[in-house]
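Data block below; observations after.
The values are calculated or read from the model by the stated rules, or taken from the named source; none is laboratory data. What you are looking at is a predicted structure, and each value in this text was computed from that prediction instead of being measured. In case anyone asks, the SASA skips ligands and DNA or RNA and just uses the protein heavy atoms, side chains included. Shrake-Rupley method; radii C 1.70, N 1.55, O 1.52, S 1.80 Å.
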Amino acid sequence: MRRFLWILIAGTVLFAGCSSDAVDVPLGPDGKPDPELVVGRDVWSQSCARCHGNDGGGGSGPRLSDGRVSESFSDPADMGQLILDGKGAMPSFSGKLSDNEVAAVVRYTLEVLG
Ligand code: HEC
């Protein structure tokens, strides 16, 4: 019985480990993912997923997927500005992310998590 429990616990931990990955970038026509979106995915998992969820479905931060974020930000530059400025409980990423990283995570959020 004990052993069974341990296997169950180990399995749960492993499963949680796998599922904590951010959504993958789809492959382009050349069979490779867009490199800027790959950077965006890294930024997302390191800086955003803990509040907005791996798939953008929300957590302590609001849901961004299901078209929410493209509705709120018709101009992607506005979203970049929000990331740099921060808002309410969301910290400012100014000085923490480079311009390229901000542009990449904006694209990843809009195009992959959408
Ligand atoms: C500490 C938690 C936290 C982190 C980390 C965080 N956010 Fe947020 N985010 C929030 C909260 C809370 C709000 C809602 C702010 C408000 O409206 O008062 C928000 C709002 C947003 C919005 C606006 C949503 C809308 O429809 O108005 C976007 C876009 C966003 N976050 C993207 C990001 C991105 C991209 C990152 C990573 C670079 C990130 N957030 C990191 C907590 C977080």
Carbon/sulfur accessible area of the stretch 56-114, % of total, 1.4 Å probe, equals 47 percent
Bin all alpha-carbon pair distances of the stretch 22-113 at 10 Å intervals from 0 and give each bin's fraction as a whole percent.
-> 18, 55, 25, 3, 0
Per residue, accessible area of the stretch 22-113 with a 1.4 Å probe, heavy atoms of protein chains only, in Å², comes to 58 Å²
Compute the length gained on full extension between ARG63 and GLU111: take 0.36 nm times their separation in residues and subtract their Cα-Cα distance, giving the result in nm to one decimal.
-> 15.8 nm
